[in-house]
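Reading through the structure tokens given below for one structure.
The values are calculated or read from the model by the stated rules, or taken from the named source; none is laboratory data. Note that the coordinates shown come from a computational prediction; the quantities given were computed from them, not determined experimentally. Quick reminder, even Gly has a Cβ in these numbers, built from the backbone with ideal geometry, and neighbours come from all protein chains shown. Quick note on the areas: whole protein, heavy atoms, side chains included, nothing else; ligands and nucleic acids left out. Shrake-Rupley method; radii C 1.70, N 1.55, O 1.52, S 1.80 Å.
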Amino acid sequence: MSEELAFLTIAEAARRIERKELSPLELTTALIKWAEALDPQINAYLLPTAERALDQAKSAESEIMAGAYRGPMHGIPFGLKDIYATAGIRTTGHSKVCLDTVPSADATTVRKLYEAGAILTGKLATHEFAHGGPSFDLPWPPARNPWDKTRFTGGSSSGTGAAVAAGLVLGGTGSDTGGSIRGPAAFCGIAGLKPSYGRISRAGILPLAFSLDHTGPMAWTAEDCAIMLGAMAGHDPADPASADRPVPDYRAALAGDVKGLRVGLIRHFYEDDNPANEATRQAIAAAVKVLEDLGCSVREVRLSPLADWAACGILIMLAEGYAIHEANLRERFADYGEAFRDRMALAALISGGDYVQAVRRRRELVSEFSSAMADLDLVVTAAAPSEAPAIDAVGKFAIFERPSLTMPFNVTGMPAMSVCCGYTSAGLPLAFQLGGKPFDEATVLKLAHAYEKATPWRSTRPHLSAT
């Protein structure tokens, strides 16, 4: 019974809960037991909050039985990447630097999820301060991939990717500065959406780079991401970058035909600039054929080389990250993990002139992408160049070795999501990436949902055993 409930989608669980066919307490209890049996193998949790979750589940059940159903997140267990502040609950950034940090207030997104009736089952692993990793010299081990525990989860929303794939939670939160939602989603075979810059508040979330940071949902399906986005999105004066724009009904927008959508294929990103392996290329080619069969028109688009996007984004990320951590790095350098502190040591060498030139180049790249999208609705490219690599083969400077396929959408602030598009012969997930126009998450989610419905990939889950 635990496994059956663990592998429900948010949408399926919500339908049963609304009809009073499934108890939030029953669901939460099952997922807690499932996590207790399996998490020692994958290290997704930094801090389970089982007692609190059961109390929240009892309250949700009482409200629903009394006719006070709040919506599709009511009674749904979820996890938080451990950079989201939680009042009275330790929030560490997966770092010794914040080992004993207990916030006095919830992050805005946490409050909004509570208001939607969601149930927090715990804080999830990340890479140190959402940047360095995987690291083996931190107070907690790195998360491992449920499809193959010798494999990398991607980063930095590593615990969320692992927890959702393994069914420890039905959905979770991530953050994305250069791909930290979409990378783990790709390697763990789930759906992960980086919304437009400003769509979701970052107030109360540990920052990495102010002008690149995004927060967003990670779940098994595009529909589940749409449900979570609806609960998390909205203007927040506490975040200076928060956009004061209406929040559509993302779930309702999934309905209808995708015929006629104009899609640009950015092939050179993953064929020339950061060459993907054959399995990935074949999976994306097959996915593009599905999109065409659904009625989309697909044509190739060329942009500046991927190296330009990656260099621009990484330089900005490092400079802004160093500005945030400079004081602690000077005073507590040895308390950081090796991967994070060595990357930040490089960042200390970036000059003000370097940063200004990167910001200027960013403006040019944003304009270029905007022009390319003028007669398109969406773009498609790879989410990752391959399936998940071995976790012990990912070096501390891996992000500098090949240009990031996800960084262009952080540079532009456009919405983008990772969509599972098959599996290797060894059963490891493969993914493509969908990008849309600013604040048009609805169209991104709509096409991802249509693709998922037209393909069999969402029916495959990792084979997990407590032994």
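Can you pull out every residue in the stretch 66-91 that is in contact with a strand residue (DSSP E or B) (Cβ under 6 Å, 6 or more places away or on another chain), of a type outside the set (D, E, K, R) and in a loop (DSSP other than H, G, I, E, B)?
Within the stretch 66-91, ILE83 is the sole residue that qualifies.
Could you give me the residue pairs with C-beta distances under 7 Å whose first residue belongs to the stretch 387-400 and is in a loop (DSSP other than H, G, I, E, B) and surrounded by 11 or more Cβ atoms within 10 Å (Cβ to Cβ), whose second residue is at pLDDT 95 or above and among the acidic types (Asp, Glu) wherever it lies, and which are 6+ apart or on separate chains?
What qualifies is LYS396/GLU338; LYS396/ASP342.
If you check every pair at least six apart or on different chains, which have Cβ atoms under 8 Å apart with a residue in the stretch 15-40 that is of a type in the set (Ser, Thr, Tyr) first and a residue that is part of a loop (DSSP other than H, G, I, E, B) and at pLDDT below 95 second?
Close Cβ pairs satisfying both conditions: none exist.
Just checking, does the stretch 401-415 include any residue being free of Cβ contacts under 8 Å to residues at least 24 places away in the same chain, of a type in the set (Asp, Glu), open to solvent by 20 Å² or more (accessible area, probe 1.4 Å) and out of contact with any helix residue (DSSP H, G or I) (no Cβ under 9 Å at 6 or more places or on another chain)?
Within the stretch 401-415, one or more residues are free of Cβ contacts under 8 Å to residues at least 24 places away in the same chain, of a type in the set (Asp, Glu), open to solvent by 20 Å² or more (accessible area, probe 1.4 Å) and out of contact with any helix residue (DSSP H, G or I) (no Cβ under 9 Å at 6 or more places or on another chain).
Any idea which residue in the stretch 448-467 is farthest from LEU193 (Cα to Cα), counting only those that are open to solvent by 30 Å² or more (accessible area, probe 1.4 Å) and among the hydroxyl-bearing types (Ser, Thr, Tyr)?
Looking at the filtered set, the residue picked out is THR467.
So, in the stretch 368-386, of the ones that are assigned to a loop (DSSP other than H, G, I, E, B), of a type outside the set (Ser, Thr, Tyr) and within 30 Å of PRO134 (Cα to Cα), which residue ends up most open to solvent (accessible area, probe 1.4 Å)?
Here the residue is PRO385.
Look at the stretch 64-86 and say how many of its residues are surrounded by 15 or more Cβ atoms within 10 Å (Cβ to Cβ) and either over 23 Å from ARG19 (Cα atoms) or without any contact (Cβ under 8 Å) to a residue 12 or more places away in the chain (or both).
Residues meeting the conditions: 8.
Taking the stretch 327-358, which residues are open to solvent by 60 Å² or more (accessible area, probe 1.4 Å), under 27 Å from the mean Cα position of the chain (by Cα) and more than 20 Å from SER135 (Cβ to Cβ)?
Correct list: TYR355 only.
How many residues are in a loop (DSSP other than H, G, I, E, B) and either more than 22 Å from the chain's Cα centre (by Cα) or touching a residue at least 60 places away in the same chain (Cβ under 8 Å) (or both) when one looks only at the stretch 241-256?
Qualifying residue count for the region: 9.
Pairs under 9 Å by beta carbon, first residue over 11 Å from THR28 (Cβ atoms) and open to solvent by less than 50 Å² (accessible area, probe 1.4 Å) in the stretch 43-63, partner among the acidic types (Asp, Glu) and assigned to a helix (DSSP H, G or I), six or more apart or different chains?
TYR45/ASP39
Of everything in the stretch 416-447 that's in a helix (DSSP H, G or I) and aliphatic (A, V, I, L, M), which residue is surrounded by the most Cβ atoms within 10 Å (Cβ to Cβ)?
Among those that are in a helix (DSSP H, G or I) and aliphatic (A, V, I, L, M), it is VAL444.
Could you grab me the full set of residues in the stretch 94-107 that are surrounded by fewer than 24 Cβ atoms within 10 Å (Cβ to Cβ) and within 21 Å of the chain's Cα centre (by Cα)?
Matches in the stretch 94-107: ASP106 only.
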